[in-house]
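Read through the structure below, which is laid out as structure tokens, and then see the notes.
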Ligand SMILES: NC(=O)c1ccc[n+]([C@@H]2O[C@H](COP(=O)([O-])OP(=O)(O)OC[C@H]3O[C@@H](n4cnc5c(N)ncnc54)[C@H](OP(=O)(O)O)[C@@H]3O)[C@@H](O)[C@H]2O)c1
């Protein structure tokens, strides 16, 4: 059981909080005493999670969010800022991974990965950075992947989006003297990531590998919790968390 930290409580926005790593991160950060604001499209899931967090003494609320829509992302950030007075942290976590070979030309799924994984992270930054810059403080955590460090067949486009998220994080970090930037790169992690879309054979192979190797989503949530808990002048720039048995 994770013991709560004594660090100051923060207002933390989490995208893709309806399952997997986002859900585990919400639980972990709420247990640390932070106020978590949960966003995703499956609002029923978010409502149930927020209820559960509040029932165990934490602070949470939620709002429907589609990260591919800049207006939705801005409304998500603005409503949190209006209600809670500031935004300390954004966890840009929403992501999709429909796997297929490039020559299968599943162009709609390529665009979906670009829209959610990369454009969604950019929308998140656009929505919160002005608030953070005006206060001279904040923290953006981008969830990339070990696929931001290596490329595998059937994952070319997914890897391209994650390499891009890594590059974006590094560029933002270099430009920033007040807002902290962390990129967290998980390896195989238990979640719903392989449940939707993609070439059935490629998805089945990814699911089988995940079933064999995956670590719990709470392991990634703990890494995010660690980065948040450091003092303001300490910026944990990158964390890679993968199963010990993953090659
Ligand atoms: N699991 C792994 O092995 C692994 C490894 C490396 C990196 N990652 C990364 O970890 C992040 C979280 O994925 P996960 O593994 O936890 O998978 P997951 O359980 O499928 O969670 C993905 C989350 O993204 C949300 N999402 C998808 N499209 C969205 C949209 N348009 N707007 C808002 N939210 C959206 C989903 O919510 P709704 O469907 O309700 O909108 C869901 O909450 C992703 O960026 C993924 O690439 C995962």
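Assorted remarks:
- Flag for residue 50 being touching a helix residue (DSSP H, G or I) at 6+ places or on another chain (Cβ under 6 Å) and buried (at least 18 other Cβ atoms within 10 Å of the Cβ): no
- Single residue of the stretch 84-97 satisfying the filter (within 17 Å of the chain's Cα centre (by Cα) and in a loop (DSSP other than H, G, I, E, B)) that is farthest from the ligand (Cβ to nearest atom): 88
- When residues in the stretch 220-237 are screened for being surrounded by 19 or more Cβ atoms within 10 Å (Cβ to Cβ) and within 19 Å of residue 94 (Cα to Cα), 7 of them pass.
- Residue match in the stretch 161-171 (condition: free of Cβ contacts under 8 Å to residues at least 12 places away in the same chain and either surrounded by fewer than 23 Cβ atoms within 10 Å (Cβ to Cβ) or in a helix (DSSP H, G or I) (or both)): yes
- Residue match in the stretch 202-219 (condition: in contact (Cβ under 8 Å) with a residue 40 or more places away in the chain, crowded, with 17+ Cβ neighbours inside 10 Å, within 11 Å of the ligand (Cβ to nearest atom) and closer than 21 Å to residue 142 by Cβ): yes
- Of residues in the stretch 100-149 being in a loop (DSSP other than H, G, I, E, B) and farther than 24 Å from residue 72 by Cβ, the one nearest to the ligand (Cβ to nearest atom): 149
- Residues that are within 11 Å of the ligand (Cβ to nearest atom) and either farther than 18 Å from residue 229 by Cα or modelled with pLDDT of 95 or more (or both) occur at least once in the stretch 49-61.
- Residue within the stretch 73-80 that is without any contact (Cβ under 8 Å) to a residue 40 or more places away in the chain and either in a helix (DSSP H, G or I) or surrounded by 19 or more Cβ atoms within 10 Å (Cβ to Cβ) (or both) present: yes
- Within this structure, residue 185 passes the test of being touching a residue at least 12 places away in the same chain (Cβ under 8 Å) and near the ligand (Cβ under 8 Å from one of its atoms).
The values are calculated or read from the model by the stated rules, or taken from the named source; none is laboratory data. The shown structure was predicted, so the numbers you read here are calculated from the model rather than taken from an experiment. Methodologically, a virtual Cβ is constructed for each residue, glycine included, from the backbone with ideal geometry; neighbour enumeration extends over all protein chains shown.
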